[in-house]
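The values are calculated or read from the model by the stated rules, or taken from the named source; none is laboratory data. These figures come from a predicted structure and were not determined experimentally. With ideal geometry, Cβ positions are generated from the backbone for all residues, glycine too; neighbour counts draw on all protein chains shown. SASA here: full protein model, heavy atoms, side chains in, ligands and nucleic acids out. Shrake-Rupley method; radii C 1.70, N 1.55, O 1.52, S 1.80 Å.
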Amino acid sequence: MLRVLPAPVVEPPADGQDWNDPPEPASAPRYVQGRLAVDLRHRHDDSFFGPQATSTPDLPEAGPWALRMIRAVLEAYEGSRSPDQLNRWVVPEIRERAQRRGLLARRRGRRTGRPPVVRTMLTSFPADGVCEVSAVVQADGRVRALAMRMSGVDGRWLITAWELG
């Protein structure tokens, strides 16, 4: 006949409280079933996790950066540059507008072969971390006026408004 015997305990005794010992009443926290350690019911605001505004001295020099970005956006408007290259530097509405205009330009097939030229450009800083640019550009065989607003976000300039006359 077989008899089942408990296995002998071969582990050394534990220092401190063991699972088999009753909890110590004064130092042991009370366990409440159905509660989370972190309250996730309230939505967090984006003031800490979202895009962070950047001060003007912490941003690249606005003039040369605006000059390069004006050329890049105008090339996307002409269809000679992919608007996806602008994702990091412009808000989605401006990128989508450049994508539509570039698609129409490629369908028409009218390309001058000359890159856009910025004839004159003026910058102003109405607030900390904000730069407004007005320019006269020559693109697609036409001379046009341009107004652009850049905001400092996450250590870089972000084009938030773009109007081409």
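Quick notes on this one:
- Applying 1/(1 + (r/R0)^6) with R0 = 25 Å to the Cβ-Cβ distance of V136 and E96 gives a FRET efficiency near 0.50.
- R106 paired with T120, simple spin-label distance in nm, labels 7 Å along Cα-to-beta-carbon: 3.6
- Highest average packing first - 68-78, 91-101, Cβ atoms within 10 Å: 68-78, 91-101
- By accessible area with a 1.4 Å probe, ligands and nucleic acids excluded, highest first: order of V153, V133: V153, V133
- Per-q log10 I(q)/I(0), segment 88-156, q = 0.11, 0.27 Å⁻¹ (Debye; single scatterer per alpha-carbon; no solvent): -0.37, -1.23
- Among D128, D154, D15, the sequence by solvent-accessible area, most first, with a 1.4 Å probe is D15, D128, D154.
- Kirkwood-based shape ratio for segment 61-107, expressed as Rg/Rh from alpha carbons: 0.99
- Heavy atoms of F125: accessible area, 1.4 Å probe, square angstrom to 10: 110
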